[in-house]
Amino acid sequence: MAVLAAPALCFAGSPLQCASWPKNITPLILKNVRITDPVQLDDSMTTAVRIASEKIGKDLWRDVYDITFYKHTGCAIEVITSSEVSSVECSMSDPVVWVVSQKVGIK
């Protein structure tokens, strides 16, 4: 009889999906640096995808999200955020925000 590892018992990243924290705080950060105002954004169109998660301490992870906000005009603002989360708290740190000005790729 073979013994198989139980990957269901291991987390592939932080245990919480904490997209709500960077999605909610980033518009305020963008307002503070005069990129956009939260009232200009269509919250129903916002998308957030966790692209990385790294364990950095006991019950502490660094999560990286690719978030796209859409203005009511249809204009998109894409950001990458990095913030620390625990198994019980999504806001262990404020997110660091990078605004994506251009995506490049090889076709």
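Identify, from the list Val49, Val64, the residue that is surrounded by 14 or more Cβ atoms within 10 Å (Cβ to Cβ) and either within 15 Å of the chain's Cα centre (by Cα) or over 13 Å from Cys18 (Cα atoms) (or both).
That would be Val64, the only listed residue that is surrounded by 14 or more Cβ atoms within 10 Å (Cβ to Cβ) and either within 15 Å of the chain's Cα centre (by Cα) or over 13 Å from Cys18 (Cα atoms) (or both).
Of everything in region 52-90, what is closer than 23 Å to Ile35 by Cα and touching a residue at least 40 places away in the same chain (Cβ under 8 Å)? Give them in sequence order.
Tyr65, Ile67, Phe69, Ile77, Val79, Thr81, Ser83
This table checks each residue for (1) surrounded by 10 or more Cβ atoms within 10 Å (Cβ to Cβ); (2) at pLDDT 60 or above; (3) not basic (Lys, Arg).
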{"residue": "Val3", "(1), (2), (3)": "no, no, yes"}
{"residue": "Leu9", "(1), (2), (3)": "no, no, yes"}
{"residue": "Gly13", "(1), (2), (3)": "yes, yes, yes"}
{"residue": "Asn24", "(1), (2), (3)": "yes, yes, yes"}
{"residue": "Ile29", "(1), (2), (3)": "yes, yes, yes"}
{"residue": "Val33", "(1), (2), (3)": "no, yes, yes"}
{"residue": "Thr36", "(1), (2), (3)": "yes, yes, yes"}
{"residue": "Asp42", "(1), (2), (3)": "yes, yes, yes"}
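The values are calculated or read from the model by the stated rules, or taken from the named source; none is laboratory data. Because the structure is predicted, anything quoted here is derived from the model rather than measured. Cβ coordinates were reconstructed from backbone atoms using ideal geometry, including for glycine residues, and neighbour counts include every protein chain displayed.
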